[in-house]
Amino acid sequence: MEGNFPYIYDPEQGWISDKEFLLMDRIMGYDLSEPDVSPYRIDNLDMQERVGKIGRAEAKKRISIIRNNIRSGFDSGGMEEL
């Protein structure tokens, strides 16, 4: 977040603005897979629990692992090394 505007990390592009509201949807608990009339479509705790705040050093560490694994040919994104 910078001010009130969220950014997400894309392995190919680096930090990009969250134009598709992926982060904000998670924070709000918005679950597009739920039917329109479902009480779990908004404020869905499962979606909200997917968001975790990490510091700059931890973000750099995770990004480095992802980049290394992409260069090595892994498809999983490398998070298993954390």
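Per-structure values
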| item | result |
| --- | --- |
| Subset of segment 56-82 (residues that are at pLDDT 80 or above and either within 13 Å of the chain's Cα centre (by Cα) or surrounded by fewer than 10 Cβ atoms within 10 Å (Cβ to Cβ) (or both)) | R56, A57, A59, R62, I63 |
| All positions within segment 17-34 that are modelled with pLDDT of 85 or more, farther than 16 Å from D46 by Cβ and surrounded by 12 or more Cβ atoms within 10 Å (Cβ to Cβ) | D18 |
| G3, sole failed condition from (1) at pLDDT 90 or above; (2) loosely packed, with under 13 Cβ neighbours inside 10 Å | (1) |
| Candidate set from segment 35-55 (those that are at pLDDT 85 or above and hydrophobic (A, V, I, L, M, F, W, C)); member that is surrounded by the most Cβ atoms within 10 Å (Cβ to Cβ) | M47 |
| Complete set of residues in segment 1-44 that are assigned to a loop (DSSP other than H, G, I, E, B) and among the hydroxyl-bearing types (S, T, Y) | Y30, S33, S38, Y40 |
| In segment 11-33, the residues that are of a type in the set (G, A, S) and either touching a residue at least 12 places away in the same chain (Cβ under 8 Å) or in contact with a strand residue (DSSP E or B) (Cβ under 9 Å, 6 or more places away or on another chain) (or both) | S17, G29 |
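The values are calculated or read from the model by the stated rules, or taken from the named source; none is laboratory data. Quick caveat: nothing in here was measured; it's all calculated off a predicted structure. A quick note on method: Cβ atoms are made from the backbone with ideal geometry, for glycine too, and the neighbour counts reach across all protein chains shown.
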